[in-house]
Amino acid sequence: MIKILPLSCPSCANKLQVQSLWCERCDTTVKGLYDLPILASLSNEEQNFVVDFVKSSGSLKEMAQKMGLSYPTVRNMLDDLITKISHNQAETK
Amino acid sequence: MEKWLFTPFTYVAGWKALLIGLAGITATAFIGYLLTIHFDGPLSVHIGLDISFYIFLTESAIAWISLSCIFYISGLLLSNSSIRFIDVAGTIALARIPVVLTALGLLPGIKIFNPTSFYLMPVFFLFMLPSIWMVILYYNAFKISCNIKGFKLITAFVAGIYLAEIISKIAVVQLYKILL
C-alpha cells in the first residue's frame, strides 16, 4: 500500500508542518517544528511531473512525447505548477 | 472521444495540427470553388463570384491567418506563458476542420435553399452544427495555445473573433481590388 503524505489538516484544513522525524535504524527521534519543503506541498501527480521534467533535462518536447500530450498542454501544466509553487512560497514567507 | 472532438489540441498542436488544418483549409477552398461559396472570414460563409480557385484558397487562408495573428497578439499581451506562433496557427488551422463539413453540408443545400422548402431545417442543422463545433474548437485552441483563463479568456476570445472578422473582410476587399 502506498501511503499518501497528508498536506493539510483533516480537521481544520490548515497546512500541516513537520513536528518529529524518526530514524528507523537507531530509533532516534528528532522533535521540533519544521515547514514541509516546497515540493512536498505538491500533490503526487505534480511531484511526478517535476521528477519527469528533471529526468527529461527540462525538455518540454521530450515530456510531451513521453506523456502523449501536445507541447502547449505540457507547457501549460508547467506554468500552472510554477504559479502554484510561487503562491505556496509567498504563503510560507 | 469528447476530448478528441472538442479539445484535440490537448494531444495535437504545432506542425502536426498545422498540416492537418492546411489540408482541411485546401479542401474547403476546393468545395467552395465548386459551389462558388466563399469562406471569407473566421465565421463567414457567402455565396459569391465564380472566380479562380486560388482566390478561394487565399480567402480561406486570410480567415485563418487573421484569427491566428489576433489570437497570438492577445496571447503575447495577456498570457504569462511563453507562447509559440506555430501552436496558435496550428491549432486554429485544425479548428477550421468543421468548415469542411459546412461546405459538404451545403452541397445538397444549395439546390434546395428555399425558405418555403421542407428541407430547410436539415440544411440549417447541417450548416449550424459544424459552425457551433468550430467556435468551440476556436475557443479551446485559443485557451490551450495561449494559456489564458477566466474573464480575460472570454473577453479576448470574443473581441479577437470580431476583430479578425473585420480584418479579413478588409483584406478580402483589397484582394478583389488587386486581382479582379
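The values are calculated or read from the model by the stated rules, or taken from the named source; none is laboratory data. All figures in this text were calculated on a predicted structure; none of them were measured in a lab. All Cβ positions, glycine included, derive from the backbone under ideal geometry; neighbour counts span all protein chains shown. When the accessible area is computed, the model is the full protein with side chains, heavy atoms only, and any ligands, DNA or RNA have been set aside. Shrake-Rupley method; radii C 1.70, N 1.55, O 1.52, S 1.80 Å.
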- Partner lysines whose C-alpha sits under 16 Å from that of B:K16, ignoring same-chain residues fewer than 8 away, are A:K61
- Query: Could you sort A:M1, B:M128, B:M134, B:M1 by accessible area so the largest value comes first, with the probe set to 1.4 Å?
  - Reply: A:M1, B:M1, B:M128, B:M134
- Beyond 19 Å, the calculated P(r) of segment A:37-92 holds a percent of Cα-Cα pairs equal to 26
- Item | Spherically averaged projected area of the protein assembly as shown from its Cα convex hull (nm²) | 21.3
- Query: Between A:I2 and A:D80, what is the spin-label point distance in nm, taking each point 7 Å from the Cα along the Cα→C-beta axis?
  - Reply: 1.9
- With each label point set 7 Å from Cα along the Cα-Cβ vector, what nm distance links A:N48 and A:E62? 1.9
- Please find, in a Gaussian network model of chain A (springs between Cα atoms separated by less than 10 Å), the residue of A:L33, A:L42, A:L81 whose mean-square fluctuation is greatest. A:L33
- List, in order, the whole-Hz ³J(HN,Hα) value for each residue of segment A:51-61 obtained from phi through the Karplus relation with A = 6.51, B = -1.76, C = 1.60 and θ = phi - 60°; use x for Gly and Pro. 4, 4, 5, 5, 4, 7, 6, x, 8, 5, 4
- Whenever you get a sec, line up A:C23, A:C12 from highest to lowest accessible area (probe 1.4 Å, protein heavy atoms). A:C12, A:C23
- Could you work out which residue, out of A:Q65, A:Q47, A:Q17, moves most in a Gaussian network model of chain A, that is, has the largest mean-square fluctuation with Cα springs under 10 Å? A:Q65
- Note on the structure: Counting only protein heavy atoms with a 1.4 Å probe and every protein chain in place, the carbon and sulfur fraction of the accessible surface of chain A in whole percent equals 57
- Message: Using a Gaussian network model on chain B with a 10 Å cutoff between Cα atoms, which of B:D40, B:D87, B:D50 fluctuates the most?
- Response: B:D50
- Message: Ignoring everything except DSSP H segments at least 4 long, calculate the 222 nm mean residue ellipticity for chain B; use -39,500 (n - 2.57) per segment, divide by total residues, nearest 500.
- Response: -25500 deg cm²/dmol
- Message: What distance in nm lies between label points placed 7 Å from Cα along the C-beta direction at B:I20 and A:T92?
- Response: 4.1
- Based on the Cβ-Cβ distance of B:K169 and A:T29, what FRET efficiency does E = 1/(1 + (r/R0)^6) give at R0 = 51 Å, to the nearest 0.05? 0.10
- So which lysines pass the test for B:K177, namely a Cα distance under 30 Å, with those fewer than 8 places away in the same chain ruled out? B:K169
- Task: Quick one: dipole size for the protein assembly as shown, taken about the Cα centre, charges +1 on Lys/Arg Cβ and -1 on Asp/Glu Cβ, in debye to the nearest 20.
- Result: 140
- Message: Kirkwood hydrodynamic radius, chain B, all distinct C-alpha pairs: what's the number in Å?
- Response: 16.6
- How much accessible surface area, in Å² rounded to 10, belongs to the heavy atoms of B:V173 with a 1.4 Å probe? 80
- What do you reckon, how do B:H46, A:H87 stack up by accessible area (1.4 Å probe), largest on top? A:H87, B:H46
- Task: Pick out the long, greasy-scoring helices in chain B: whole DSSP H runs spanning 18 Å or more along their own axis by Cα, mean Kyte-Doolittle at least -0.5.
- Result: B:14-35, B:53-78, B:98-111, B:120-146, B:150-179
